Amino acid sequence: MKKAKDKNTESKILEAAKSVFQTKGMDGARMQEIADKAGINKAMLHYYFRGKQLLFEAVFKNAFSLLSPQLNTILNDESSIEDKIKNFTNNYISFITKHPYLPNFIFQELNRNPEFISKIQKSIGFPSIEKFKKQLNIEIEKGILIPIKAEQLFINILALNIFPFIASPLIKAITNTDNNSYEQLIEDRKIEVSTFIINSIKQK
């Protein structure tokens, strides 16, 4: 019974911390605010997490663990490059629509503390493009795709899928788009992005 209660308390702390870190970042977050939001005292918070950095790392790892399998599954399956692009775009947009805080949260903090990625990189299931690279080279050799580096193609896929979520206020303002219309715009990108990328790399 005690174990279940402890786990529940830890979950409440991580959820509260996620909310505070999202809005205020690592530097602006305060342990007392996190404790208040979790409904516990500060001593209890320090019992579970000895400091703000350790708490932040736990929140970050939880956030990244939601996104990482989405990348890894698609990069390492047996589908063609064309299908990988379609599946990645569809799955990523669907996933981030349900977790819209993730891109900003992850990339802002990686920019703030770039060394932290070395810790994450050692975790099991960290995405790798090695299989993607081999498949791409095979399809290039077969004349299916034009020559392009795997790294460049992967950056193109990431950028076109991630940017609308990171820059949504700017895009809405420039395009004069309301929230409902923007949601449809994002949904349409599942096809628009994959079609654009595939057409750019297929042999004519």
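The conditions of being more than 14 Å from the chain's Cα centre (by Cα), without any contact (Cβ under 8 Å) to a residue 12 or more places away in the chain and part of a helix (DSSP H, G or I) are not met by LEU136.
Could you tell me whether region 143-165 includes any residue that is within 22 Å of LEU71 (Cα to Cα), free of Cβ contacts under 8 Å to residues at least 12 places away in the same chain, part of a loop (DSSP other than H, G, I, E, B) and of a type in the set (Lys, Arg)?
yes
For region 82-97, a residue qualifies if it is among the hydroxyl-bearing types (Ser, Thr, Tyr) and either surrounded by fewer than 17 Cβ atoms within 10 Å (Cβ to Cβ) or without any contact (Cβ under 8 Å) to a residue 24 or more places away in the chain (or both), and the qualifying residues are SER94, THR97. Scanning region 7-39 for residues that are among the polar types (S, T, N, Q) and free of Cβ contacts under 8 Å to residues at least 40 places away in the same chain yields ASN8, THR9, SER11, SER19, THR23, GLN32.
State which residue is farthest from LEU153 (Cα to Cα) when the search covers only region 35-84 and only residues that are of a type in the set (Phe, Trp, Tyr) and either at pLDDT below 90 or in contact with a helix residue (DSSP H, G or I) (Cβ under 6 Å, 6 or more places away or on another chain) (or both).
The selected residue is TYR48.
The values are calculated or read from the model by the stated rules, or taken from the named source; none is laboratory data. Bear in mind that the values here come from a model prediction, so they are computed numbers and not experimental data. Backbone-built Cβ (ideal geometry, glycine too); neighbour counts: all protein chains shown.
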